[in-house]
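Colleague: Here it is: the structure, laid out below.
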Amino acid sequence: HAAIGEALWIVAAAAFGGSIALIGQMYHLSGDEASALVTWGAGAALAAVALRSNPLTVASVGIADAWLFLKGFDYYSRSEFPHAFVIMAIVLFAVSFWTRSQAARHLIILSVLFYLVLLVTNHDTLQVAIPLVAVSALLFAASVFAPDPVDRVVQLGGRLPLHALLGFLTGLAMIQFELADESTYNSGFAIASVIALAGIVAAIVLAGRESRGLRWLAYLGFAFELAIIYVVTLQSMLDTAGFFLAAAMLLGILAIVIIRVEKRMKGPDAKGATA
């Protein structure tokens, strides 16, 4: 059975990783956990290509993510940042087309976002966040206004708008955290907040009907924006009572809008099911 074969390949990949660790301990080989993960991931990726295995491709991406995690959070004790992850991501993204692994492509995109979050610890935040916001907005627009051609290229099952919205909100969150301490002295934080809220509304209007996941991500993004705006205004000693009043009214309006939107989204689905 195909599923049994895939499971055995995963077991073999795990055994390969365990053998690397065991040999390293037995012969006291130089190197660290990150180096072992690179060897393990390379072997798993080669096996995925040779066997054209979807699960092995996902496993290879997971190993690359583990390497990024180790190197990224070990950055402060080392002199190098794990920029090599970009090459890993590109190679594995290409491999995912050969192995027909849509799940791996989704995981790679999320991993790239995690890489960019780590990157702001090594670079100027705005130099990373602003391009991320711009690229995410362009990808969202392309995936909404030309969904079929775009999905034929990326082959994400129509979920590129969801990833693009996540990237958009992640980039704006970076900007807001960077400008939060300076919000008393300039309007950068307010502008970023307005852009985030406008982007959330646009995402729901343009692509909310087709994706329930996108709608809930937009709702979570709105809740995050409300929370960070409150924290920043509290730090700047503004009138919190007025904020609570405005927030309560805004949440009430949002609840009404969400209920109406969800009813409209469910309406066509129910009619299609009865038909």
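The values are calculated or read from the model by the stated rules, or taken from the named source; none is laboratory data. Predicted, not measured: the structure shown is a model, and the values here were computed from it. As a convention, Cβ positions derive from the backbone with ideal geometry for all residues, glycine included, and neighbour counts pool all protein chains shown.
Colleague: Taking only pairs six or more apart or across chains, which ones have beta-carbon atoms under 7 Å, a first residue in region 190-213 that is surrounded by 15 or more Cβ atoms within 10 Å (Cβ to Cβ), and a second residue that is among the polar types (S, T, N, Q)?
Modeller: Hits for this filter: Ala192/Gln176; Ser193/Gln176.
Colleague: Can you tell which of Leu160, Leu68 is of a type outside the set (Ser, Thr, Tyr), within 30 Å of Ala50 (Cβ to Cβ), surrounded by 19 or more Cβ atoms within 10 Å (Cβ to Cβ) and not assigned by TED's automatic domain parsing to the domain that holds Leu214? Reasoning before the result, please.
Modeller: Numbers: Leu160 fails: not assigned by TED's automatic domain parsing to the domain that holds Leu214.
From the options Leu160, Leu68, the qualifying one is Leu68.
Condition check ((1) assigned by TED's automatic domain parsing to the domain that holds Phe168; (2) exposed (fewer than 15 other Cβ atoms within 10 Å of the Cβ); (3) at pLDDT 85 or above) across all residues:
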| site | (1), (2), (3) |
| --- | --- |
| Ser30 | no, yes, no |
| Ala44 | no, no, yes |
| Ala47 | no, no, yes |
| Ala50 | no, yes, yes |
| Asn54 | no, no, yes |
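Colleague: For region 94-106, how many residues meet the condition of being under 18 Å from the mean Cα position of the chain (by Cα) and buried (at least 20 other Cβ atoms within 10 Å of the Cβ)? First the steps, then the outcome.
Modeller: Filtering region 94-106 down to residues under 18 Å from the mean Cα position of the chain (by Cα) leaves 96, 101-106.
Retained after the next criterion (residues that are buried (at least 20 other Cβ atoms within 10 Å of the Cβ)): 96, 101, 104-105.
Summing the residues that are under 18 Å from the mean Cα position of the chain (by Cα) and buried (at least 20 other Cβ atoms within 10 Å of the Cβ) in region 94-106 gives 4.
Residues checked against (1) at pLDDT below 90; (2) more than 18 Å from Ile108 (Cα to Cα):
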| site | (1), (2) |
| --- | --- |
| Leu126 | yes, yes |
| Pro131 | no, yes |
| Ala137 | no, yes |
| Val150 | no, no |
| Arg159 | no, no |
| His163 | no, no |
| Gly167 | no, no |
| Thr170 | no, no |
| Ala173 | no, yes |
